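The values are calculated or read from the model by the stated rules, or taken from the named source; none is laboratory data. What you see is a predicted model, and the numbers here were worked out from it, not measured in a lab. So basically every Cβ, Gly included, is an ideal-geometry build from the backbone, and we count neighbours across all protein chains shown.
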């Protein structure tokens, strides 16, 4: 173990942070990935199934090649070509990587594309937060909607509830009580009067 530490400790370094690669390195890595797909396709044309990930596609007359999945302009509007052979596809990819390393204008286009992608991702994230906030708000709105039927059922009981409210305010004014009493006495006055009349007769 000591030999291991002696051998490698002088090489100790900090790990690169995520997203620390510059746009040229990122693009070169994508080109290398495309070359790997191209080699895989050359080995087994019929069994190749990764067309959705490739920058090249079979088209009438050969292969159509895009500069990148983000439709990057490589200069003078160049973003798509059609070539005759796989060798041409490979050569185009190599020249594209060289172009990315040495052409300042193309590097700026890559950087602008990166910023656009970041902006889209951030917009999607904030849009996702808004959607989740709306989703949270909708159940809250649904709860009052569920409460509305509960309030409509007691609506029949509201007149009953309204009478106690009137009765509470009635002690302040004697007139409402008098109005309430005759309404109740409509059925009972006859009984009460009969009882009083009978009592007086006795």
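Tabulated data for the structure shown
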read-out: Condition met for residue 32 (exposed (fewer than 10 other Cβ atoms within 10 Å of the Cβ), farther than 20 Å from residue 105 by Cβ and out of contact with any helix residue (DSSP H, G or I) (no Cβ under 6 Å at 6 or more places or on another chain)); value: no
read-out: Wholly enclosed helices (runs of 4 or more DSSP H) of the range 1-111 bearing at least 3 residues at pLDDT 90 or above and in the same structural domain as residue 121 (by TED's automatic domain parsing); value: 23-43, 86-102
read-out: Neighbours by Cβ (under 7 Å, 6+ apart or cross-chain): first from the range 29-51, free of Cβ contacts under 8 Å to residues at least 24 places away in the same chain; second loosely packed, with under 11 Cβ neighbours inside 10 Å and in a loop (DSSP other than H, G, I, E, B); value: 37/50
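Yes or no, residue by residue, for (1) under 34 Å from the mean Cα position of the chain (by Cα); (2) without any contact (Cβ under 8 Å) to a residue 24 or more places away in the chain; (3) loosely packed, with under 12 Cβ neighbours inside 10 Å:
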{"position": "53", "(1), (2), (3)": "yes, yes, yes"}
{"position": "56", "(1), (2), (3)": "yes, no, no"}
{"position": "61", "(1), (2), (3)": "no, yes, yes"}
{"position": "68", "(1), (2), (3)": "yes, no, no"}
{"position": "96", "(1), (2), (3)": "no, no, no"}
